[in-house]
1. Tilt of helix 5-17 relative to the longest C-alpha principal axis of the chain, in degrees (0 to 90, nearest 10)?
2. If packing is taken as the average count of other Cβ atoms within 10 Å, what order do 114-121, 133-140 fall into, highest mean first?
3. Quick check on the chain: helices-only [θ] at 222 nm, where DSSP H runs of length 4 and up contribute -39,500 (n - 2.57) each and the sum goes over total residues. Nearest 500, please.
4. With equal scatterers on the alpha carbons only and no solvent term, can you work out the Debye log10 of I(q)/I(0) for the range 234-293 at 0.21 1/Å?
5. What angle do you read, to the nearest 10 degrees and between 0 and 90, between the alpha-carbon axis of helix 228-238 and the longest principal axis of the chain?
6. With the alpha-carbon atoms as the only input, what is the per residue convex hull volume for the chain in Å³?
7. Test of understanding: what is the full-extension gain from residue 417 to residue 467, defined as 0.36 nm times their sequence separation minus their Cα-Cα distance?
8. Cα-Cα pairs above 18 Å in the range 197-247: how many percent?
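A short reminder: the numbers here are calculations on the coordinates, not readings from a lab. Model, not experiment: these values are computed from the prediction. Virtual Cβ from ideal backbone geometry, glycine too; neighbours counted across all protein chains shown.
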């Protein structure tokens, strides 16, 4: 099958746009590649410090500078269900490394906060910035120059993007990701959403809500809905940074441990001490980025990746923007129904054929590039049409793979490119006199797309909750929630408002949202023009909207505009509210980061542009 013309066009456009920066990045990668174990350039004192606590045999090998040394960068903590299984990974990796003629050390840890815990709370204002702190922490872990390859342990929302950014800034080192896998399925997602909405309506109490939430998030492993965490896992596979079929195997199972051991084996094989040297900067190129964008559209992935992918790409000298997302969305059909785009979860997706079937469909339709470098080696992306066999190992640390299914095992969850659930990827770039924003429409019923209604302008999501409790929202409206961008307060998710707006929409009211903040990886059934930029604090026109202005949100036309007062743009900007609770949560420490944050389309990064992007 020949490549889809739109995919070819977007790829060529990104390559042309990125020509100078990508060339400079690859030159920087090449200048840092050198033969032999990397620690050979360290002094005797340097190496002595790095090996002082090692067991005698490993210390001998490290001091001898003959074996490869694998670094482990871990986001373990036991508050995050997705990261709790990582507690056992370092020992598992160290033993697998020994069996494969190498050593392994934990290079460092990175923070890992949970958006589920901070959702709707003040701590959410640190969430997006934690991504770049993770990138910084990854760089610190790798700065010792002791490692010939690296295994990254991370799953969730900001953690994988942060690890990726840090990994690509050390793009001359081979690197691979080892996930933990999803928890078993709990209470069905629609039932959970229904109870949340009933609670917002005052029809059930906290005890019943807590019972349902605990039945949904109930075990070690990733949350099972298709939000940012599971979108990350799909991306790591389709972009070739973790092994085929690694994403959605349950934690604490023999197959999961075997995949982790095989990941270690590949980490050793990819070093420059063998003949399969595969630095990370050679894996993530323009074609890999495009493959990632295609995967997002085909699966209805998280809107958060419209921010994170720009930051990841920039770390590899690649420049993308929302026009690329939009064009790919129009070309790629949605072939997955995973909550919130359906009722199934990622376990059902995996059982229906999962990543192997998905990648096979996209290859057959000419929607992805197969001529890419991956951590699996072999035939590029074609390797990802295969899946690991349970309990079938040719030898220690070698997982056998079989051809993935050619037919979906449940067409209500995973269909074909020829018979998609919708003809496009369900992501819209909305532009107009307010600015540029994105909207995920794949979970929004078609009759709810167009909303033209008076604006309710607020600067704090709790204001809408108070209005709802006071009975003031029984009408059509567009809530304009501003001063929620990265420079204002760190761009928190605003998913706390979803049950209220969903309930009002179900009553027949025309409801929409326009905001310079984020929603969630689980952006749902209410049309929301999010990530608006320029943001209010950067002089964006969203700061000129007033209560009662008629706002038209029209994803079919891909527009978002104030349509009432023709002179509204001449108004002065509204004053920014005082950011609340900075001292209480230590959030005043992050004030300098807010001041230097880039816009959301450029990745909302606080790292500053890499030298090759200048």
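1. Computed tilt is about 80 degrees.
2. Per-residue mean Cβ counts within 10 Å order the peptides as 133-140, 114-121.
3. -10500 deg cm²/dmol
4. Taking Cα atoms of the range 234-293 as identical point scatterers yields -0.90.
5. Rounded to the nearest ten degrees, it is 50.
6. Spread over its residues, the Cα hull of the chain gives 149 Å³ apiece.
7. 13.6 nm
8. 52
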